[in-house]
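Below is one structure; the comments refer to it alone.
The values are calculated or read from the model by the stated rules, or taken from the named source; none is laboratory data. Quick caveat, the model's predicted, so the values are computed rather than measured. Counting neighbours? That spans all protein chains shown, and the Cβs are built from the backbone with ideal geometry, glycine included.
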Amino acid sequence: MTEAAALTSPMIVAEDVRKRFGSNEVLKGVSLRMAKGEVIAVIGPSGSGKSTFLRCLNHLETIDSGRIDIEGDTLVANDAQGQARYVTDAEVRRICARMGMVFQHFNLFPHLTVLENILAAPLTVKGMKRNEILPKAEELLRKVGLLDKRDAYPSRLSGGQKQRVAIARALAMEPDIMLFDEPTSALDPELTGEVLRTIRQLADEHMTMLVVTHEMGFAREVATRVAFMDGGELIESRPAAAFFAQPEHPRTRAFLESML
Ligand code: ADP
Ligand code: MG
């Protein structure tokens, strides 16, 4: 994706996003533009604001000031007083429905089977008919390699399998953008590969994705761009190869050295 394309058809535009929890300023003016088909790996130390930034993008957190546009539609922008003002609730829902999110701890419904987990949102949120969504749900389960687990409950699955169900569940809503918050951090090391492979497969299909991760190998190989956050700021964001070969900022260099 060229720089020009990123500017003309951005999927996400975040401008000077600020967020505080009490006296703790957690996002100190974060800006990011993301083009269609980009895979951005967001890396940075614990507490740097990575999760909060992701959560602000799909309105799991509100922002204090700044602007967020999703696929050209404004979700929130400053009013004349410089305070963030959201669009109507209906608009917020419509815009945020274009983003799927996958969390560190899977967040599957424990009382529902794998298949019912995948059907739940399309049935209730989109009001689709079971027969309409069933073929798609089965196709998604096949895609993540879990069709044989369709009638199992989450408690019978490994962490890697749970996370793959969570990915299929998010995809069932047919999002244009996928947000991942440390999708492999809760997994035993031998299970991270199967989840990363699933995300890589989505990258091969040109899904637009923002992935918070500590997996530097994955960031290097799969991400088109790597963004480094530290202390509530987005310090630099550059193509993956350049980012790892020549990190520009001393804080990025220090962080990468700490990961060795
Ligand atoms: P990261 O994901 O990079 O580890 P987070 O976005 O989770 O960082 O957290 C950034 C900062 O915001 C931390 O200081 C954290 O304690 C604080 N924080 C996150 N969520 C909340 C919350 N709901 N209430 C208060 N403080 C929070
Ligand atoms: Mg986090």
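Taken together, the residues in region 68-90 that are over 13 Å from residue 15 (Cβ atoms) and of a type in the set (Val, Ile, Thr) amount to 2. Each residue in region 207-224 was checked for being over 19 Å from residue 10 (Cα atoms) and in contact with a helix residue (DSSP H, G or I) (Cβ under 7 Å, 6 or more places away or on another chain), and 8 of them qualify. The set of residues in region 119-142 being in contact with an Asp or Glu (Cβ under 9 Å, 6 or more places away or on another chain) and closer than 14 Å to residue 164 by Cβ consists of 141 alone. Every condition in (1) modelled with pLDDT of 95 or more; (2) within 17 Å of the chain's Cα centre (by Cα) is met by residue 106 except one, and the failing one is (1).
Would you confirm, using the coordinates I've provided, whether residue 72 is surrounded by 21 or more Cβ atoms within 10 Å (Cβ to Cβ), at positive phi and either within 13 Å of ligand 2 (Cβ to nearest atom) or over 14 Å from the mean Cα position of the chain (by Cα) (or both)?
no
Looking only at residues that are under 12 Å from the mean Cα position of the chain (by Cα) and within 16 Å of ligand 2 (Cβ to nearest atom) in region 8-44, which one is nearest to residue 225 (Cα to Cα)? Across region 8-44, the extreme among qualifying residues is 40. Residue pairs whose Cβ atoms lie under 7 Å apart, separated by 6 or more positions or on different chains, with the first residue in region 34-53 and in contact (Cβ under 8 Å) with a residue 40 or more places away in the chain and within 13 Å of residue 234 (Cα to Cα) and the second assigned to a strand (DSSP E or B) and within 9 Å of ligand 2 (Cβ to nearest atom), are 42/212; 50/212; 51/181; 51/212. Filter region 123-171 down to residues that are of a type in the set (D, E, K, R) and crowded, with 18+ Cβ neighbours inside 10 Å and give me whichever is farthest from the chain's Cα centre (by Cα). Ranking the qualifying residues of region 123-171, first place goes to 149.
Of the conditions (1) buried (at least 22 other Cβ atoms within 10 Å of the Cβ); (2) within 16 Å of the chain's Cα centre (by Cα), residue 202 satisfies every one except a single condition; which number is it? With (1) buried (at least 22 other Cβ atoms within 10 Å of the Cβ); (2) within 16 Å of the chain's Cα centre (by Cα) applied to residue 202, the lone miss is (1). Filtering region 205-239 to residues that are within 16 Å of ligand 1 (Cβ to nearest atom), of a type outside the set (A, V, I, L, M, F, W, C) and crowded, with 19+ Cβ neighbours inside 10 Å leaves 213, 215, 230, 232. Those helices (runs of 4 or more DSSP H) of region 29-147 in which 3 or more residues are within 16 Å of ligand 1 (Cβ to nearest atom) occupy 50-57.
Does residue 175 satisfy the criteria of being within 14 Å of the chain's Cα centre (by Cα) and under 27 Å from residue 41 (Cα atoms)? Yes; evaluated as a whole, the condition is true for this residue. Contact annotation: residue pairs with Cβ atoms under 6 Å, 6 or more positions apart or on different chains, pairing a residue in region 121-132 that is more than 13 Å from residue 93 (Cβ to Cβ) with a partner that is among the small types (Gly, Ala, Ser) and outside any helix (DSSP H, G or I), are 122/172. A Cβ distance below 8 Å, combined with a sequence gap of six or more or placement on separate chains, defines the contacts here; from region 91-110, residues that are touching a residue at least 60 places away in the same chain (Cβ under 8 Å) reach residues that are among the charged types (D, E, K, R) and in a loop (DSSP other than H, G, I, E, B) in the pairs 98/71; 98/176; 99/176; 104/182. Residue 180 fulfils the conditions (1) in contact with a Lys or Arg (Cβ under 9 Å, 6 or more places away or on another chain); (2) crowded, with 24+ Cβ neighbours inside 10 Å except for a single criterion, (1). Would you confirm, using the coordinates I've provided, whether residue 47 is within 16 Å of ligand 2 (Cβ to nearest atom), out of contact with any Leu (no Cβ under 9 Å at 6 or more places or on another chain) and over 23 Å from residue 208 (Cα atoms)? Considered against the rule, which asks whether it is within 16 Å of ligand 2 (Cβ to nearest atom), out of contact with any Leu (no Cβ under 9 Å at 6 or more places or on another chain) and over 23 Å from residue 208 (Cα atoms), residue 47 comes out as yes.
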